[in-house]
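S.K.: Following this message is one structure expressed as structure tokens.
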Amino acid sequence: MPLIDLESSPSDAPLPADVRTFLREAARRIRKFQRGAHVPGFVPSDFERVYGVLRELAATNLGPGRLFCEWGSGFGVIACLAAMLDFDAFGIEVEGELVDAARRLAEDFGLPVEFAHGSFLPQGTPTDGEYVWLTVDAADAHEELGLGAEDFGVIFVYPWPDEEGLTQRIFEKHAAPGAVLVTYHGGEDFTLRRKLRNSAAGRKRARTPRRSAMGR
């Protein structure tokens with residue numbers, strides 16, 4: 001089933017006080033973690049920008065249902081932000097240290113987010129090359145969650161450039177019709193795509209307004 005691009009116009013409204021408090025603490029913990037741990041594939045997103053995109057999705061109900069999953073959830077910040085926007089949020093991460101940190105962060109803020117340790121690649125996923133950070137050898141974390149890619153209304157991923165094509169193909173093959181894939185590409189660059197049943201639409205990249213969001 002093909003994908004169609006969606007326009008993104010995130011709100012520039014100020015962050016709620018509880019979100020600002022959460023992001024300050026998350027940033028402090030990430031800085032501390034990076035001083036003491038060596039996880040080179042972990043690159044945080046621009047969390048404020050991602051929050052703006054998720055807030056728009058929550059307000060417009062673009063995705064079918066409220067189930068949200070972050071593929072490559074890192075420190076768990078984005079999955080936690082989704083929970084703060086009343087999504088039923090889950091995260092999948094292959095690095096055990098990051099899974100532990102994400103679980104502590106969510107628990108300390110009383111956020112009902114479930115994180116699974118493993119790969120977001122469904123078992124048997126064929127790959128067409130070598131990837132710097134994306135592993136196909138880890139356990140399928142969807143089994144731990146008891147939920148497949150087809151169950152989520154919104155999936156977020158911050159892929160490395162060599163992973164973009166594969167993550168899009170996985171979403172196109174396994175996600176439910178109507179589901180929305182949000183990908184962050186660094187800076188102000190996001191792409192939002194919806195899975196359709198009918199003919200493919202032209203591909204274009206949706207950019208957020210210039211303002212001041214796996215991450216990895």
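S.K.: Filter region 151-168 down to the residues that are part of a helix (DSSP H, G or I) and at pLDDT below 90, then identify the one that is surrounded by the most Cβ atoms within 10 Å (Cβ to Cβ).
M.R.: Thr167
S.K.: While we're on this one: Considering (1) buried (at least 17 other Cβ atoms within 10 Å of the Cβ); (2) more than 16 Å from the chain's Cα centre (by Cα), say which one Ala13 fails and leave the rest.
M.R.: (1)
S.K.: In region 1-27, which residues are of a type outside the set (A, V, I, L, M) and outside any helix (DSSP H, G or I)? Steps first, answer last, please.
M.R.: Of region 1-27, the ones of a type outside the set (A, V, I, L, M) are 2, 5, 7-12, 14, 16, 18, 20-22, 24-25.
Matches in region 1-27: Pro2, Asp5, Glu7, Ser8, Ser9, Pro10, Ser11, Asp12, Pro14, Pro16.
S.K.: What's the number of the only condition in (1) part of a loop (DSSP other than H, G, I, E, B); (2) crowded, with 19+ Cβ neighbours inside 10 Å that Leu62 fails to meet?
M.R.: Failing condition for Leu62: (2).
S.K.: Kindly evaluate Phe22 against the criterion of being crowded, with 20+ Cβ neighbours inside 10 Å and touching a Lys or Arg at 6+ places or on another chain (Cβ under 6 Å).
M.R.: Numbers: crowded, with 20+ Cβ neighbours inside 10 Å: yes; touching a Lys or Arg at 6+ places or on another chain (Cβ under 6 Å): no.
Criteria not met by Phe22.
The values are calculated or read from the model by the stated rules, or taken from the named source; none is laboratory data. Bear in mind that the values here come from a model prediction, so they are computed numbers and not experimental data. Virtual Cβ from ideal backbone geometry, glycine too; neighbours counted across all protein chains shown.
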